[in-house]
Amino acid sequence: MGFPKEFLWGGATAANQYEGGVFEGGAGLSTADVMTNGSHTVRRQVTWKKSDGTIGSTPLCFGSSERHLPEGAVPCIIEGNQYYYPSHIASDFYHHYKEDIRLCAEEGFKCFRLSIKWSRIFPNGDDDKPNEAGLQFYDHVFDECRKYGIEPLVTLSHYETPLSLAIRYNGWNDRHLVQAFVKYASTCFRYYQGKVKYYLTFNEINCIDAAPYVTAGLIHADPQNIANAAFHQFLASSLTVKEAHEHFPELKIGMMLAYGPVYGYTSDPKDQLLAKQAEDATLFYSDVQMLGKYPNYKLEEYRRNGITLPTHQDDLKTIASFPCDFLSYSCYGSHVVTTHMDEDTKAGEGNGAMSRTVANPYLKTNAWGWATDPDCLRIAANTFYNRYHCDQWCVENGIGWNDVLEDNTVHDSYRIDYMKANIKSLKEAAEIDGIPMMGYLYWGCVDMVSNGEGEMAKRYGQIYVDADNHGQGSMKRLCKDSYYWYQKCIQSNGEHLD
């Protein structure tokens, strides 16, 4: 009664945090390529320059209250030693992909999630012809996966809109990006036919609210622009599903949501209502992509705030007709919200209801304040299946830690404990609740820079990469204790977790 035999075990990565090789193979820049590193106290920032020569940086990343660059500022790379851009080197998968995929195969992976850098295929995002060198790079990667019987799961847009589209169109605020994305997706479908079966359209699409620049390339982001960007990504996703169903019927196209169960801090009904509103703010994005329509609570919110949807004729019909084939999600833990803010409850980061998050007194946290919730995946699986009755896939789950290298390895019992608790939670969803699951992918299977801070020090991987926060190091790969634990877990199909 555990996981099915075809359950897809594996790990997940993202090009802007892992790939490197930014200036190789004719690639163009993405929005991530102008973002500097930071720390868990100073978040990542976007560097910019004005026509008068003024340069600076603005924190347009998660947890930032900023929404706009200064007037006249253009995001760009600033030469010199003042800033470091982690995506340029990252973990150098660009030159280590054979080694990394071999190590994942030896660990027992059935699936490897990676993202394609859109601007490696179309350097400006909307070029007439694709960049052959970029297409060939991923072709080699997929051949390597097939060599070991590993199924690739490809994210088409993972926090890296082509920078040219962000500058020229203010990213996904403009409808121009819809057809540009569908052309890019169709190019990938055609070129990698027979090598890739599973695609995701947009990574953590609901993070547009918290990080509009990171998620949608919005240099200027007010509530109307954010609503426009979300609508255009919904439409692009549905048109991508339509393209696959009509011309590549063997493909499965999924959506991807950032999710964490939300709990009310007290039994006060107002806390429980706040928790419901916070969940709705997240599930709105999966409601549209899985049910094919905007929920009433969101339409009413737009009406109250004077926001209008940028619809053209038949747009809503397209969204209704072509929902995604399956739902995937990241889930690292849970959130607690309250209306009772006092000296003992510290406000968290976010928007709306989620701006009133507080620590959960029943859970342990790591150095970055992330708590391990032993029931979060079971709750997530039930929430999605009972709401959508669809195939679902946990494609991100992991924990960042300041790992210490000892004797050419890392003794990361804390990571094993985290994985054990979370896989057990997912297993209970399958065994006790009867929820069908497609697979489980551990986030950051190979060390890479963190998205929020741009640090290598916040390590997620089961495979250690010898590199520091500024890309210095041998890039040597070393297997941690968690690597061998996960290897045995996969061998038993999740039956043996101790």
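Okay, residues lined up against (1) buried (at least 24 other Cβ atoms within 10 Å of the Cβ); (2) not in a loop (DSSP other than H, G, I, E, B):
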site: Val404; (1), (2): no, no
site: Asp417; (1), (2): no, yes
site: Ala421; (1), (2): no, yes
site: Lys424; (1), (2): no, yes
site: Lys427; (1), (2): no, yes
site: Ala430; (1), (2): no, yes
site: Tyr440; (1), (2): yes, yes
site: Ala457; (1), (2): no, no
site: Ala467; (1), (2): no, no
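For segment 481-498, what are the residues that are more than 20 Å from Lys110 (Cβ to Cβ) and basic (Lys, Arg)? Answer for segment 481-498, where residues must be more than 20 Å from Lys110 (Cβ to Cβ) and basic (Lys, Arg): there is none. If you go through segment 191-209 and pick out every residue that is out of contact with any helix residue (DSSP H, G or I) (no Cβ under 8 Å at 6 or more places or on another chain) and either surrounded by fewer than 21 Cβ atoms within 10 Å (Cβ to Cβ) or over 22 Å from Gln392 (Cα atoms) (or both), you end up with 3. Taken together, the criteria exclude Val410 from residues that are within 22 Å of Asn203 (Cβ to Cβ), crowded, with 22+ Cβ neighbours inside 10 Å and not acidic (Asp, Glu). Identification of helices (runs of 4 or more DSSP H) wholly contained in segment 102-169 with 2 or more residues that are surrounded by fewer than 24 Cβ atoms within 10 Å (Cβ to Cβ), at pLDDT 95 or above and out of contact with any Ser or Thr (no Cβ under 7 Å at 6 or more places or on another chain) yields 132-147, 163-169. Restricting segment 269-300 to residues that are in contact with a helix residue (DSSP H, G or I) (Cβ under 9 Å, 6 or more places away or on another chain) and among the acidic types (Asp, Glu) leaves a set whose member that is nearest to Ala320 (Cα to Cα) is Asp287.
Residues that are within 26 Å of Leu274 (Cβ to Cβ), surrounded by 24 or more Cβ atoms within 10 Å (Cβ to Cβ), hydrophobic (A, V, I, L, M, F, W, C) and touching a Gly at 6+ places or on another chain (Cβ under 7 Å): does segment 223-243 have at least one? Yes, that holds for at least one residue. If the condition is being at pLDDT below 95, assigned to a strand (DSSP E or B) and touching a Leu at 6+ places or on another chain (Cβ under 7 Å), then segment 326-342 contributes only Val337. Among the residues in segment 108-127, are any on the phi > 0 side of the Ramachandran plot and among the hydrophobic types (A, V, I, L, M, F, W, C)? No: zero hits. Within segment 358-373, residues that are under 15 Å from Glu455 (Cβ atoms) sit with their Cβ atoms under 7 Å from residues that are modelled with pLDDT under 85 and assigned to a loop (DSSP other than H, G, I, E, B), at 6+ positions apart or across chains, in these pairs: Trp368/His40.
With respect to Val178, is the statement that it is of a type outside the set (Phe, Trp, Tyr), part of a helix (DSSP H, G or I) and either on the phi > 0 side of the Ramachandran plot or surrounded by 23 or more Cβ atoms within 10 Å (Cβ to Cβ) (or both) true? Spelling it out, it is not the case that Val178 is of a type outside the set (Phe, Trp, Tyr), part of a helix (DSSP H, G or I) and either on the phi > 0 side of the Ramachandran plot or surrounded by 23 or more Cβ atoms within 10 Å (Cβ to Cβ) (or both). Among the residues of segment 473-497, those identified as touching a residue at least 24 places away in the same chain (Cβ under 8 Å), surrounded by fewer than 18 Cβ atoms within 10 Å (Cβ to Cβ) and in a helix (DSSP H, G or I) are Asp481, Gln487, Ile490, Gln491. Condition (residue is modelled with pLDDT of 95 or more, among the small types (Gly, Ala, Ser) and part of a helix (DSSP H, G or I)) applied to segment 78-91: is it met by at least one residue? Among the residues of segment 78-91, at least one is modelled with pLDDT of 95 or more, among the small types (Gly, Ala, Ser) and part of a helix (DSSP H, G or I), which makes the answer yes. Restricting segment 244-256 to residues that are of a type in the set (A, V, I, L, M, F, W, C) and crowded, with 24+ Cβ neighbours inside 10 Å, the residue that is nearest to Asp373 (Cα to Cα) is Met256.
In segment 226-275, which residues are in a strand (DSSP E or B) and not basic (Lys, Arg)?
Hits for segment 226-275 are Ile253, Gly254, Met255, Met256, Leu257, Ala258, Val262, Tyr263, Gly264.
Please specify each residue of segment 160-191 satisfying the condition of being out of contact with any strand residue (DSSP E or B) (no Cβ under 8 Å at 6 or more places or on another chain) and of a type in the set (Ser, Thr, Tyr). The answer is Ser164, Tyr169, Ser186, Thr187, Tyr191. Screening Ile432 against (1) in contact (Cβ under 8 Å) with a residue 60 or more places away in the chain; (2) at negative phi leaves a single unmet condition, (1).
For the subset of segment 28-65 comprising residues that are among the hydrophobic types (A, V, I, L, M, F, W, C), over 18 Å from the mean Cα position of the chain (by Cα) and part of a loop (DSSP other than H, G, I, E, B), which member is surrounded by the most Cβ atoms within 10 Å (Cβ to Cβ)? Only one residue fits best here, namely Leu29. Of the residues making up segment 108-135, those that are under 30 Å from Tyr483 (Cβ atoms) and out of contact with any Gly (no Cβ under 8 Å at 6 or more places or on another chain) are Gly108, Leu114, Ser115, Ile116. Asn206 meets the conditions (1) in contact with a Pro (Cβ under 8 Å, 6 or more places away or on another chain); (2) closer than 27 Å to Arg67 by Cα; (3) part of a helix (DSSP H, G or I) in every case but one. The failed one is (1).
Figure legend. Inter-residue proximity from segment 183-198: first residues closer than 13 Å to Leu135 by Cβ, second residues basic (Lys, Arg), beta-carbon distance below 8 Å, spacing 6+ or different chains. Indicated pairs: Lys195/Arg146.
Could you look through segment 288-323, keep only residues that are part of a helix (DSSP H, G or I) and in contact (Cβ under 8 Å) with a residue 60 or more places away in the chain, and pick out the one that is surrounded by the most Cβ atoms within 10 Å (Cβ to Cβ)?
Gln289
The values are calculated or read from the model by the stated rules, or taken from the named source; none is laboratory data. If you're wondering where the values come from, they're calculated on a predicted model, not measured in any experiment. No Cβ is skipped: glycine too gets one built from the backbone with ideal geometry, and neighbour counts run over all protein chains shown.
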